[in-house]
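No lab work stands behind these numbers, since they all come straight from the coordinates. Owing to the predicted nature of the structure, the values given are computational and were not obtained by experimental measurement. Cβ placement follows ideal geometry from the backbone for every residue including glycine, while neighbour counts extend to all protein chains displayed.
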Amino acid sequence: MVLMSIRNSVRALEAYRFTPRLEPIKLDQNESFDDLPASLKERVLAEFMSSAWNRYPPLTPQLLERRLAEKHGWDPDGVVVSNGSNVLIQAITVAAGLGRRVVTVAPTFSVYAYQAGLLDAELVEVPLGAAFELPVAQLKQAVAAGSGALFIANPAAPSGNLHPEDEIREILDHAGGMLAVIDEAYGDFAPSDLSALVARYPNAVSLRTFSKAFGAAGVRVGYALATPEVAVELRKALLPFSVNNFQAIIAMALLDEPQLVEERMVLVRSERERLQQAMRQLDGVTVHPSVTNFILFRVADPAAVTEQLLNSGVVIRRQDHLPGAAGCLRVSVGAPAENDAFLTALRSAKAALVGATRAIGGRT
Ligand SMILES: *Cc1c(COP(=O)(O)O)cnc(C)c1O
């Protein structure tokens, strides 16, 4: 049997599944709804053209590390850049979780549990409260009991709420044996920034990405803010030369134009409020408050609602398979016209919002 060659913990994992859809209104991956300006792309391409493609990039992208350190008021030796923050989640699990314990909450970003499974960590998933609040007492217990890695997304995903800083601090106070990761992928949308808190704990790490607020998911750049001591260890778990010239050039170009992100944040926040308000008017829809660029909401028949939105050309994400998220769907905040199309389609899915429609034949 050929699969005998593969470790049991790998075989036991279900492959990460994502079904790309062709419908035009794409609100399923929390991406930026607008692409980067053509003028910026041209500048980046010109710089990439003039770089040497035959040469290795620097071992780590030092110029970018320095720029990020300036942005955050951080020691440049504590900035670790990688090709996507997913890769850093893996590196953190390799460095701190492998053969030990990985503590996180449920539901949350699936990559934490997935990497724990892949790397034979003992996975402890503490259920969030009924309103997706942090189970502070249980988390304190789970982190105090062993060594390994702790992952908390704040703002949270897929629930979109912001956990109070006091609660995070209380957990960090008990997590001395853990590499404690605060994943701030959605921080700019709130806005929220826990770097000052993280700086007070030598074992804490703030995780950031260029995929969401920066609008560069296709480029694959993420980074961690850590102490220099921890950063040295994390770099050992990353592959050498893994950030290419193109990635470094784009990230630097984006840091040169902070107004691009700030303008996008203003629009996302106002559209987020508009969407939440309109969705709350609908019978059968329960909206979970969000500070991010997506909204989690509950309906009676999530499968039928998803299907009816698809028929209107709108793609959103089902989350009803997640623990504590029965009936839940997630929509990304899109461009204003996309949000209008989503709201129109949602309104016309009326019957599926309030009751199971499968039995009586679906669409209305
Ligand atoms: C989208 C997202 C990321 C970003 O991952 P990248 O690999 O940098 O694209 C990280 N954490 C959470 C919680 C996310 O939702």
State the Cα centre-to-centre distance between the stretch 100-120 and the stretch 212-229 in whole Å.
20 Å
Output ³J(HN,Hα) for the stretch 327-337: one whole-Hz value per residue in order, computed from phi by the Karplus curve 6.51 cos²θ - 1.76 cosθ + 1.60 with θ = phi - 60°, and x for Gly and Pro.
x, 8, 10, 10, 10, 7, 6, x, 5, x, 5
Long-range tail of P(r) for the chain (Cα pairs > 34 Å, %):
30 percent
Work through the residues other than Gln115 whose Cβ is under 15 Å from its Cβ and net out their charges, Lys, Arg +1 and Asp, Glu -1.
-2
Which order do the peptides 220-231, 117-128 come out in when sorted by mean C-beta neighbours inside 10 angstrom, highest first?
220-231, 117-128
Return the single residue from Pro37, Pro202, Pro61 with maximal mean-square fluctuation; model: Gaussian network over the chain, springs between Cα atoms under 10 Å.
Pro37
Per residue of the stretch 77-92, in order, report the coupling 6.51 cos²θ - 1.76 cosθ + 1.60 (Karplus, θ = phi - 60°) as ³J(HN,Hα) in whole Hz, putting x for Gly and Pro.
5, x, 9, 10, 9, 9, 7, x, 6, 4, 5, 5, 4, 5, 4, 5
Per-residue HN-Hα couplings for the stretch 296-307 [Karplus 6.51, -1.76, 1.60; θ = phi - 60°; Hz; x = Gly/Pro]
9, 9, 10, 9, 6, 10, x, 5, 5, 4, 4, 5
For Phe294, what residues show an amide H to amide H distance below 5 Å, using hydrogens built from the backbone and excluding near sequence neighbours?
Val333
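Just want to confirm a number: the relative contact order over the stretch 114-262, from Cα pairs under 8 angstrom separated by 6+ residues, in percent.
On the way: 177 pairs, mean separation 23.2, N = 149.
With pairs under 8 Å counted, the relative contact order is 16 percent.
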Compute the length gained on full extension between Lys236 and Gln281: take 0.36 nm times their separation in residues and subtract their Cα-Cα distance, giving the result in nm to one decimal.
11.0 nm
For a quick check, take a GNM of the chain with Cα springs below 10 Å and name the residue from Leu329, Leu267, Leu134 with the largest mean-square fluctuation.
Leu267
Which of these, Phe109, Phe48, Phe18, has the largest mean-square fluctuation under a Gaussian network model of the chain (Cα springs below 10 Å)?
Phe18
How many percent of Cα pairs in the stretch 1-160 exceed 19 Å?
71 percent
Just check the stretch 162-249 against the gyration tensor rule for me: Cα atoms, a ≥ b ≥ c as the square roots of the eigenvalues, rounded for a/c under 1.5, and otherwise prolate or oblate depending on whether a/b exceeds b/c.
oblate
Defining a contact as two alpha carbons under 8 Å apart and six or more residues distant in sequence, what relative contact order in percent does the chain show?
21 percent
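Starting from the exponent 0.38 and prefactor 2.2 Å, build the expected Rg for the stretch 243-313 from its residue count and divide its actual Cα Rg by it.
1.59
Any idea what the relative contact order of the stretch 1-140 is, in percent, if you count C-alpha pairs under 8 Å spaced at least 6 apart? The partial results should precede the final answer.
Working: 94 pairs, mean separation 25.9, N = 140.
Taking the mean separation of contacting Cα pairs over the length of the stretch 1-140, I get 19 percent.
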Sequence-distant or interchain residues sharing an amide H contact under 5 Å with Arg101, placed H: which?
Glu122, Ser147, Gly148, Ala149
